[in-house]
1. Got a sec to turn the phi values of the stretch 216-225 into Karplus ³J(HN,Hα) couplings, 6.51 cos²θ - 1.76 cosθ + 1.60 with θ = phi - 60°, whole Hz, x for Gly and Pro?
2. With n ≥ 4 as the cut-off for DSSP H runs, can you work out [θ] at 222 nm for the chain, using -39500 (n - 2.57) per run divided by the number of residues, rounded to the nearest 500?
3. Using θ = phi - 60° and the Karplus form 6.51 cos²θ - 1.76 cosθ + 1.60, what ³J(HN,Hα) does each residue of the stretch 163-173 get, whole Hz, x for Gly and Pro?
4. Using a simple charge model, +1 on the beta-carbon of Lys and Arg, -1 on the beta-carbon of Asp and Glu, nothing else, what dipole does the chain show about its Cα centre, in debye to the nearest 20?
5. Provide the FRET efficiency to the nearest 0.05 for the Y26-K160 pair, computing r from the beta carbons and using R0 = 41 Å.
6. Dipole of the chain (Lys/Arg Cβ +1, Asp/Glu Cβ -1, origin at the Cα centre): which of Y84, P33, G199 lies farthest to the positive side?
7. Between L117 and H150, what length in nm is gained on full extension when 0.36 nm per residue of separation is reduced by their alpha carbon distance?
8. Assign one of three labels to the stretch 1-126, namely rounded, prolate or oblate, based on the Cα gyration tensor with a ≥ b ≥ c the square roots of its eigenvalues; rounded applies when a/c is under 1.5, prolate when it is not and a/b is larger than b/c, and oblate otherwise.
Amino acid sequence: MDGLEGSGPLIRLIVKADSGGAVRGYLGHVPIPIDNPLESFDTAPVFGTGTLAVTRYLPDAKTPFTGQVALKHGTLAMDLAEYYLQSEQTSSAFHLSISFDKEGNVNGAGPSMVPALPGPDLQHAAGMAPLAQNLPSLRHTFSYTLPPTHFVEDQFMIFKPRFLADHRVEFFCHCSRDRMAHVLPMLPGEERLNILKHGPFPKEMTCKCCGTTYTFDLPELKHIFNDLP
């Protein structure tokens, strides 16, 4: 799970992903309240000052590992590279891009991450860094539905890449009515009593990640809260 907390109009950015390729997330403000369109890829005015935190659930670990760095580069790709360099001592190059159509819908988006794995050839690693940082637009590549393997073969031809795995990554939200019902009892007692007394009913709860709304009527809430009138 990645999280970004800043003083800018975005406020926060949360992204959760699992090993099966399911990704979900949300912004602190939708739409982002900005006065003027950004003139460059410097997103510092949107993020402001703050921190980038990454939480990883490692196999066989009793507790998750969390590391964080201060936002200082103005672009998410460079701040992610800073995190991996500082928190995990791994030199990595990130490339993020997105393309919109005239109606404002996403028609192409793509990220790349090129980490230096243990034991690489130093000459190859040195040659990889500038290549990874100057990749052509991934957003345009994927807006024409070209497969990622085509892009990798074309751009990294001199390194003779080998494809070890191919996993689909897509948006998927794990929310459900039962999950929401389990969250409700965690509300402070005073807030629960206020809901039972003043409503409104049915009570609505909306998932921040996918926008699905779940409703609960008064008898259901009494049962969930285990409170009597």
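The values are calculated or read from the model by the stated rules, or taken from the named source; none is laboratory data. Everything quoted here is computed from the prediction, not taken from an experiment. Using ideal geometry, Cβ is built from the backbone for each residue, glycine included, and neighbour counts are taken over all protein chains shown. Ligands, DNA and RNA are stripped out before the accessible areas are found, and what is left, the full protein with its side chains, is counted by its heavy atoms. Shrake-Rupley method; radii C 1.70, N 1.55, O 1.52, S 1.80 Å.
1. Each residue's phi maps through the Karplus curve to give 9, 8, 4, x, 5, 5, 4, 5, 5, 7 Hz.
2. -8000 deg cm²/dmol
3. In residue order, the calculated couplings are 8, 8, 7, 9, 10, 6, 10, 8, 5, 8, 9 Hz.
4. Numbers: 18 positive and 24 negative charges, 79 e Å.
Approximately 380 debye in magnitude.
5. E between Y26 and K160, to the nearest 0.05, is 0.55.
6. The residue sitting farthest along the positive end of the dipole is G199.
7. Length gained, L117 through H150: 9.6 nm.
8. Since a/c reaches 1.5 and a/b is larger than b/c, the shape of the stretch 1-126 is classed as prolate.
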